[in-house]
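Encoded as structure tokens, the structure appears first; notes follow it.
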Amino acid sequence: AYVFFGSWDGLPDVIRWRGASVERAMSHFWLTSEGVFGVALGVSSGFVFLFVLFGALLNQAGAGNYFLSLAFSALGHLSGGPAKAAVIASAATGLISGSSIANVVTTGTFTIPLMKKVGFSAAKAGAIEVSSSINGVLTPPVMGAVAFLMTEYVGIPYIEVVRAAIVPAAISYVALLYIVHLEARKMGMTGTLRTGALRFILGAVLSVCGGIVAGVAALWATGMIVDLLQASLGAMALPVLVALFLGAYVAALRHAAQRPDLEMSVSGMEHLPPAREILQTGLHYLLPILLLMYLLMIERKSPGFSAFWSASFMLLVLVTQRPLKLWFRGQGGIAEAARAGWAEMLEGLIAGARNMIGLACAMAVAGIIVGSVTLTGIGQVMAEFVEYLSGGNLMLMLVFVALISIVLGMGLPTTANYIVVSSLMAGVVVELG
């Protein structure tokens, strides 16, 4: 409406413009790189799809259920345990999925009924699950499409986005855990383990920091091993590294085969084995995430390259994990398991494509908003307005930008919200900052 009727006398002088004809507007939206077929849609088709596909394949293989069971086993004995498990499970699911909707569907199926069972109202159970799942977009390796848009819009390496997300992700999940803990205590919930508020928050901080340190240490050690092999073997290092990685996968799968598969049901979540045992049933799920993080953060490969090879490895996992487990257990039916693996791989590919449809549509429609901003010049007006209100104060201006993001976020997906806010406000942020 603003594109076509921007010359209306009822508009304030500061935002009034001469308006555009249908021909000019459609030409700008559809035939230039500043409309529908702009940066956002280019990024989504270039490499966001590969990350969405990687997450879908990993979830199809059972990684989502693995992280969910691990969280419930570790936290189920605390007061309000299912709610705390929902927070941690959503954080873990954020490792493999950049979609907050997919995160809610994956974990909420189990967490919401269990939260209601221990005494949380339906509204509180839903609120806890949604809050946790939305923050999963921040969890490194930052699988949310927004991260890739930032690299294109701002022109910074993807590794910088990951580094910047580590602290906010940790803070948000520690805060969510503490809020859930206080809510559980206020409602009089008790667990098999009594934990004071101070002790709990310190434990949560130490656990989050310990997880980050362990992940960084694993990446550093992997990098040292790779450098050592490359220095000693030269051109032969790559096939040796591939063989070692596949050997680690087979060894992890053999270790997992010594334990029974996890039962995925709401009732099964209430009678899980200790977290240490569950951890050992899915070590092979950590390898593709390690591969992705290594290629992104140590080798500094492009996001598309890293996601492609990680997704390729996941295809191998889907096809081989079932028959290999049966073989290690000495059971029959390996041929049927192999066929089931191929079927699961196909389902994972279909799920990845379906998950991308909504994201691509949101990016395309956001391109219309970006085109409107560039066509009308409203971005410059908004920037000047915010700069005037903030009086040139950087912190005050950032507060205004945050408020705009919150208001727009009530009606726009994360990706579209970033596109709109960055189109309007990035200029003034750079100018003042």
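The values are calculated or read from the model by the stated rules, or taken from the named source; none is laboratory data. In this text the structure is predicted, and so the values were computed from the model without any measurement. Every residue, glycine as well, gets a Cβ built from its backbone with ideal geometry; the counts of neighbours run over all protein chains shown.
Values as computed for the structure displayed
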| quantity | calculated |
| --- | --- |
| Residue that is surrounded by the most Cβ atoms within 10 Å (Cβ to Cβ), among those in the range 148-172 that are more than 23 Å from Y294 (Cα to Cα) and modelled with pLDDT of 85 or more | S172 |
| Single match in S27, S90, S97, S69 (criterion: within 22 Å of G304 (Cα to Cα) and either in contact with a strand residue (DSSP E or B) (Cβ under 6 Å, 6 or more places away or on another chain) or not hydrophobic (A, V, I, L, M, F, W, C) (or both)) | S97 |
| Within the range 1-23, considering residues that are of a type outside the set (S, T, Y) and touching a residue at least 40 places away in the same chain (Cβ under 8 Å), the one farthest from V373 (Cα to Cα) | V14 |
| Which numbered condition L75 misses (of (1) buried (at least 22 other Cβ atoms within 10 Å of the Cβ); (2) farther than 29 Å from A360 by Cα; (3) among the hydrophobic types (A, V, I, L, M, F, W, C); (4) in contact (Cβ under 8 Å) with a residue 60 or more places away in the chain) | (4) |
| Selection from the range 136-159 of residues that are among the hydroxyl-bearing types (S, T, Y) and either part of a helix (DSSP H, G or I) or not assigned by TED's automatic domain parsing to the domain that holds E299 (or both) | T151, Y153, Y158 |
| Members of the range 352-390 that are buried (at least 19 other Cβ atoms within 10 Å of the Cβ), within 30 Å of W8 (Cβ to Cβ) and among the polar types (S, T, N, Q) | S372, T376 |
| Scope the range 413-431; condition of a type outside the set (S, T, Y), under 20 Å from the mean Cα position of the chain (by Cα) and in a helix (DSSP H, G or I); matching residues | A416, N417, I419 |
| Criterion (in a helix (DSSP H, G or I) and under 20 Å from the mean Cα position of the chain (by Cα)) met by exactly one of S90, S73, S97 | S90 |
| Test for A61: is it crowded, with 24+ Cβ neighbours inside 10 Å and either closer than 26 Å to L296 by Cα or within 11 Å of the chain's Cα centre (by Cα) (or both) | yes |
| Count of the range 101-115 residues which are surrounded by fewer than 21 Cβ atoms within 10 Å (Cβ to Cβ) and either under 19 Å from Y285 (Cβ atoms) or among the polar types (S, T, N, Q) (or both) | 2 |
| Evaluation of A169 against (1) in a helix (DSSP H, G or I); (2) without any contact (Cβ under 8 Å) to a residue 12 or more places away in the chain (one fails), failing number | (2) |
| Neighbours by Cβ (under 9 Å, 6+ apart or cross-chain): first from the range 88-108, within 19 Å of G358 (Cα to Cα); second of a type in the set (D, E, K, R) and part of a helix (DSSP H, G or I) | N103/E129; V104/E129 |
